[in-house]
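Report on the following structure.
The values are calculated or read from the model by the stated rules, or taken from the named source; none is laboratory data. Please read these numbers as outputs of a predicted model, since none were measured by experiment. As a convention, Cβ positions derive from the backbone with ideal geometry for all residues, glycine included, and neighbour counts pool all protein chains shown.
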Amino acid sequence: MSALLFQNVRVIDPKNNIDAMTNLRVLDGLISEIGTLTPNDNEQIIDGKGCALIPGLIDMQVSTGEPGFEHKETLASASLAAARGGVTTMIIMPNTQPVIDDAALVDFISRRARDTADVNVIPMAAITKGCNSDQLSEFALLSEAGAIAFTNGDQSIMNALTMRRALSYASNFDALIVHHAIDEHLFSVGVMNEGELSTRLGLSGIPAAAETVMIDRDLRLVELTGARYHLAQVSSAMSLPAIEKARADGLHVSCGVSANHLLLNENDVENYRSFAKLNPPLRGETDRLALVRALEDGVIDVVVSAHNPQDADAKRQPFSQAAFGSIGVETLLTALISLHHAEGIDLITVLRAVTQRPAEILGLNAGTLSIGAQADMTLVDIGAPWVIDADDLASKSKNAALDGRRVQGRVEACYVAGKPVFSRLDAQ
Amino acid sequence: MTSRTKYLQFPHRHLLGIHGLSQQDIIALLDRADHYVALNRQQNKKGDALRGRTQINLFFESSTRTQSSFELAGKRLGADVMNMSVASSAMNKGETLIDTAVTLNAMNPDLIVVRHASSGAVALLAQKVTCAVLNAGDGAHEHPTQALLDALTIRNRLGRLDGLKVAICGDITHSRVARSNIALLNIMGSQVNLVGPKTLIPKDVDRLGARVFHSMREGLAGCDIVMMLRVQNERMSGNLIPSTREYYHLYGLDQEKLDYAKPNAFVMHPGPMNRGVEIDSSIADHPEKSLIREQVEMGVAVRMAALELLATNLDGTPR
């Protein structure tokens with residue numbers, strides 16, 4: 001029987017609305033007690049030194065390069081980065097080589113993760129074969145193999161009939177469809193937000209309408225089919241009213257945003273900085289502020305890292321040829337804590353978007369410090385300032401949009417089922 | 001000229017764009033170019049400002065006039081000039097760019113002149129080399145020597161660059177010439193009118209310091225200079241304009257449309273021209289109104305001035 005007692009910690013659990021300086025006990029990998037606790041014999045005592053003890057994060061959008069692009073990221077390297085960032089559950093995108101569109105491949109991911117990763121790894125499977133066809137993948141078989149939801153990753157489903165069928169068929173099993181909603185034709189050869197800056201830099205712009213047009217279509221189809229739908233990433237303020245309305249109409253719609261879109265805006269691509277080349281693109285400052293407010297108001301449910309490792313060859317290119325995407329699983333928590341400090345959003349609100357809400361949307365028994373829950377936890381110093389240096393991050397690829405950013409909030413330790421998977425604490 | 005003022009004459013390591021230059025920088029370049037206009041009209045055109053220097057013309061995008069203009073400019077100043085036309089295999093352009101930059105830099109050139117199809121590519125290359133870099137056109141971003149030669153042409157004809165009204169007509173979205181000219185004319189205190197169909201005018205371009213018009217009649221009204229831009233054939237396939245015939249009908253410069261501008265207005269074109277698409281031959285070849293051939297002549301002089309001023313900042317140049 002293994003026991004851990006956390007003393008002198010600020011326990012924050014969004015699901016149970018707890019935010020208090022107290023103690024927490026872990027027994028056999030499960031949370032057993034919270035409150036004023038006295039140490040037992042043979043119990044390991046951890047002095048939290050006033051740090052926050054929060055549920056381990058659930059990152060709903062992580063790409064690794066395994067299988068197919070192991071030089072960019074493996075499940076093992078992504079897992080290490082996640083642990084260092086306080087993320088205890090990674091939801092993995094299916095855009096690998098081969099694409100995760102077969103039950104055997106879901107099983108492969110689960111086995112590889114069991115053997116090489118310390119944090120929980122749960123795959124999503126492709127909606128359509130190869131993520132680029134109009135042939136549905138086998139939702140039932142994939143679900144039974146362990147796929148938690150269905151998405152074509154950063155590929156949009158342009159064919160409205162295919163989307164209708166996918167939503168309709170998914171609703172048979174109450175399966176969740178996660179869509180990267182962007183119209184490829186309006187996206188065209190765009191590489192950044194369309195506006196004054198793209199005009200000045202001579203780069204092709206992506207209009208906000210590329211997103212809103214697709215969201216409007218999707219929401220009509222959700223209405224038609226009654227399916228559960230999650231909008232993977234919203235980038236534009238113009239997209240928010242439609243989501244609010246859909247929810248008010250009672251549709252099963254939820255919505256995510258990347259941490260990068262909450263902290264950065266299009267000006268970060270100035271000087272052709274390809275690390276800030278994202279899909280969807282970073283928008284203007286008014287959009288960023290609207291996204292922050294939407295997170296605060298609960299219009300946006302989930303914050304993801306949109307972790308997308310790209311090697312130097314893919315990024316150190318002229319801007320229009322550079323790959324889209326940024327790593328971020330290691331900086332997701334610190335980004336949100338920085339947002340709390342900078343924009344004055346409640347800590348419990350930002351944490352809800354990476355714990356309680358993704359767990360509810362995905363139907364996961366995680367993201368909480370409830371008694372009896374698995375002890376997936378992160379000990380974090382809320383106030384500690386540091387500067388993100390991409391070279392110090394654990395990912396194999398160093399394409400961090402937040403590289404050089406001054407942030408607050410440093411992970412001191414991370415636990416999965418009560419076992420430390422990362423720790424800066426002195427041996428006690 | 002004292003050594004100190006020579007150094008301060010052009011305080012930039014590279015010439016990557018008009019953006020970032022001051023009025024004084026532009027005047028210094030144009031004044032020096034004037035000197036070379038005179039030299040180029042003599043029988044002995046040879047100068048020695050770049051003697052012993054190595055200049056590489058690195059063109060990732062095919063070009064006849066700009067490349068030959070830079071080649072002639074370097075040779076007339078006494079530099080050893082090497083032309084490299086990098087076949088743009090679509091496979092790994094970017095790799096080629098950085099690899100080529102590092103490779104060429106190891107050969108110790110003093111000046112590299114670069115053209116590339118991607119915006120920002122020349123600035124990226126400039127980060128990887130220790131010599132001076134001249135932007136000969138990057139994507140739809142900048143083409144600074146074109147704007148400078150346009151300015152020299154205008155200044156020689158009208159005697160000034162302030163208080164003028166200049167119309168730039170055609171495909172603004174894909175034009176680096178337009179962007180560099182908007183920047184330069186704003187710095188010098190002239191007004192820019194942009195004229196074209198909405199499909200070829202980029203978003204929020206008015207915030208760069210220009211007025212936007214969609215009819216030639218309104219856009220050319222009161223203009224001293226009418227600059228026409230080349231319309232690329234691929235714009236038709238992208239549905240940006242339905243046909244060359246319709247484009248010529250609306251925006252092709254003929255005598256009737258030119259009459260909307262000031263009576264003594266001049267016509268310019270960066271070339272190469274599509275006769276009968278954006279400009280009528282009678283205008284392009286008009287002996288008094290067309291400055292198109294003069295632009296080519298000014299091009300060599302401006303590039304000599306730009307190469308020389310950048311070279312003065314290189315190590316080893318006597319100050």
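Observations on the model:
- Flag not set for A:LEU221, criterion: buried (at least 19 other Cβ atoms within 10 Å of the Cβ), away from chain B (no Cβ under 14 Å) and within 22 Å of the chain's Cα centre (by Cα).
- In the stretch A:1-45, the residue that is nearest to the chain's Cα centre (by Cα) out of those that are more than 17 Å from A:LEU369 (Cα to Cα) and among the aliphatic types (A, V, I, L, M) is A:ILE45.
- Of the helices (runs of 4 or more DSSP H) that lie entirely inside the stretch A:52-154, not one contains 3 or more residues that are more than 30 Å from A:LEU347 (Cα to Cα) and aromatic (Phe, Trp, Tyr).
- The set of residues from the stretch A:269-322 being of a type in the set (Val, Ile, Thr), within 21 Å of A:ALA210 (Cβ to Cβ) and in a helix (DSSP H, G or I) comprises A:VAL269, A:THR286.
- Every residue from the stretch B:167-221 that is away from chain A (no Cβ under 14 Å), assigned to a loop (DSSP other than H, G, I, E, B) and farther than 14 Å from B:ALA147 by Cα: B:GLY170, B:GLY189, B:PRO197, B:HIS214, B:SER215, B:ALA221
- Among the residues of the stretch A:11-30, the ones that are in a strand (DSSP E or B) and crowded, with 19+ Cβ neighbours inside 10 Å come to 7 in all.
- Test: residue in the stretch A:189-196 that is of a type in the set (Asp, Glu), touching a helix residue (DSSP H, G or I) at 6+ places or on another chain (Cβ under 8 Å) and within 14 Å of another protein chain (Cβ to nearest Cβ): yes
- Complete set of residues in the stretch A:199-216 that are assigned to a helix (DSSP H, G or I) and within 7 Å of chain B (Cβ to nearest Cβ): A:THR199, A:ARG200, A:LEU201
- The criterion of at least 1 residues that are in contact (Cβ under 8 Å) with a residue 60 or more places away in the chain and within 18 Å of the chain's Cα centre (by Cα) is met, among helices (runs of 4 or more DSSP H) falling completely within the stretch B:222-319, by B:292-312.
- Failed condition for A:ALA322, given (1) in contact with a strand residue (DSSP E or B) (Cβ under 7 Å, 6 or more places away or on another chain); (2) surrounded by 23 or more Cβ atoms within 10 Å (Cβ to Cβ): (1)
- Hey, A:GLY383 assigned to a strand (DSSP E or B) and either modelled with pLDDT under 95 or surrounded by fewer than 24 Cβ atoms within 10 Å (Cβ to Cβ) (or both) or not: yes
- Residues that are more than 7 Å from every other protein chain (Cβ to nearest Cβ), surrounded by fewer than 24 Cβ atoms within 10 Å (Cβ to Cβ) and more than 19 Å from B:ILE172 (Cβ to Cβ) within the stretch B:116-132 comprise B:ALA126, B:GLN127, B:LYS128, B:VAL129, B:THR130, B:CYS131, listed in sequence order.
- Neighbours by Cβ (under 8 Å, 6+ apart or cross-chain): first from the stretch B:18-45, within 14 Å of chain A (Cβ to nearest Cβ); second surrounded by 13 or more Cβ atoms within 10 Å (Cβ to Cβ) and small (Gly, Ala, Ser): B:ILE18/B:ALA147; B:ILE18/B:SER180; B:ILE18/B:ALA183; B:HIS19/B:ALA183
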